[in-house]
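**Q** Sending over a structure as structure tokens; questions will come in a sec.
The values are calculated or read from the model by the stated rules, or taken from the named source; none is laboratory data. Quantities reported herein were computed from a predicted structural model and do not represent experimental measurements. Don't worry about glycine lacking a Cβ; one is built from the backbone with ideal geometry, like all the others, and counts go over all protein chains shown. Just the protein is used for accessible areas: all its heavy atoms, side chains included, with ligands, DNA and RNA removed. Shrake-Rupley method; radii C 1.70, N 1.55, O 1.52, S 1.80 Å.
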Amino acid sequence: MLHLRLTLFILLLSTTASFSQFGVDFVVSNLPHLSINYEIQDRIRPAVHIGTDNYFEDISIEVVATYDILNTEEYEVYAGAGARFNDFAGFVAPIGINVYPFVDNKLGFKIEIAPIIGDDAYLRGGAGLRYRIN
């Protein structure tokens with residue numbers, strides 16, 4: 001089932017590539033993750049989060065989509081929803097801000113909070129780096 005979702009996600013990304021911008025984020029928290037994402041029309045950001053800092057058999061995957069509520073050259077305020085698989089599996093709702101203080105607006109910083117609701121309720125908070133390619 002997870003493979004089907006990832007395949008559909010990749011197909012969605014390939015059909016929107018001409019209207020999008022590829023990005024990579026790394027968020028440090030007690031559940032750190034690497035994020036691979038696309039910005040579609042500067043507002044919608046589907047992403048795959050891959051859990052880091054753990055054993056391979058414990059790697060968790062999140063599939064989320066966020067929407068920029070506020071979007072300027074210097075910052076983006078976003079909210080979204082998705083699903084988390086493996087450890088702390090369940091519904092995830094990230095809310096955060098990306099800030100781009102440099103001239104080219106490619107490298108930025110992010111702060112995010114995300115409730116994860118499944119068998120247990122968990123609140124993940126973190127900060128990290130964001131790099132936009134293109």
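**Q** So which residues in the stretch 79-121 are in contact (Cβ under 8 Å) with a residue 40 or more places away in the chain and either touching a Cys at 6+ places or on another chain (Cβ under 7 Å) or of a type in the set (F, W, Y) (or both), if there are any at all?
**A** Hits for the stretch 79-121 are F85, F88.
**Q** Could you tell me which numbered condition I59 fails, if it satisfies all but one of (1) closer than 19 Å to Q21 by Cβ; (2) of a type in the set (A, V, I, L, M, F, W, C); (3) surrounded by 13 or more Cβ atoms within 10 Å (Cβ to Cβ)?
**A** (1)
**Q** Given the criterion farther than 18 Å from G23 by Cα and at pLDDT 95 or above, identify the matching residue among A93, A65, A79. Reasoning before the result, please.
**A** Values: A65 fails: farther than 18 Å from G23 by Cα; A79 fails: farther than 18 Å from G23 by Cα.
The match here is A93.
**Q** Could you tell me which numbered condition I50 fails, if it satisfies all but one of (1) more than 19 Å from F22 (Cβ to Cβ); (2) open to solvent by 50 Å² or more (accessible area, probe 1.4 Å); (3) at pLDDT 95 or above?
**A** For I50, the failing item is (1).
**Q** Also: Just need a number here: residues in the stretch 28-60 that are of a type in the set (V, I, T), in contact with a Phe, Trp or Tyr (Cβ under 9 Å, 6 or more places away or on another chain) and not in a strand (DSSP E or B). Steps first, please.
**A** Looking only at the stretch 28-60, we keep the residues that are of a type in the set (V, I, T), and these are 28, 36, 40, 44, 48, 50, 52, 59.
If we keep only those that are in contact with a Phe, Trp or Tyr (Cβ under 9 Å, 6 or more places away or on another chain) too, we end up with 36, 40, 44, 48, 52.
After this cut, where a residue has to be not in a strand (DSSP E or B) as well, the list is 52.
Qualifying residue count, the stretch 28-60: 1.
**Q** Okay, moving on. If F26 passes every condition in (1) modelled with pLDDT of 85 or more; (2) over 23 Å from F88 (Cα atoms); (3) open to solvent by 60 Å² or more (accessible area, probe 1.4 Å) but one, which one does it miss?
**A** (2)
**Q** Looking only at residues that are aromatic (F, W, Y) and outside any loop (DSSP other than H, G, I, E, B) in the stretch 70-125, which one is surrounded by the fewest Cβ atoms within 10 Å (Cβ to Cβ)?
**A** First, pick out the residues of the stretch 70-125 that are aromatic (F, W, Y): 75, 78, 85, 88, 91, 100, 102, 109, 122.
Retained after the next criterion (residues that are outside any loop (DSSP other than H, G, I, E, B)): 75, 78, 85, 91, 109, 122.
Working: Y75: 17, Y78: 20, F85: 17, F91: 12, F109: 14, Y122: 17.
Out of the qualifying residues, it is F91.
**Q** OK, next. How many of the residues in the stretch 33-46 are touching a residue at least 24 places away in the same chain (Cβ under 8 Å) and either open to solvent by less than 30 Å² (accessible area, probe 1.4 Å) or among the aromatic types (F, W, Y) (or both)?
**A** 6
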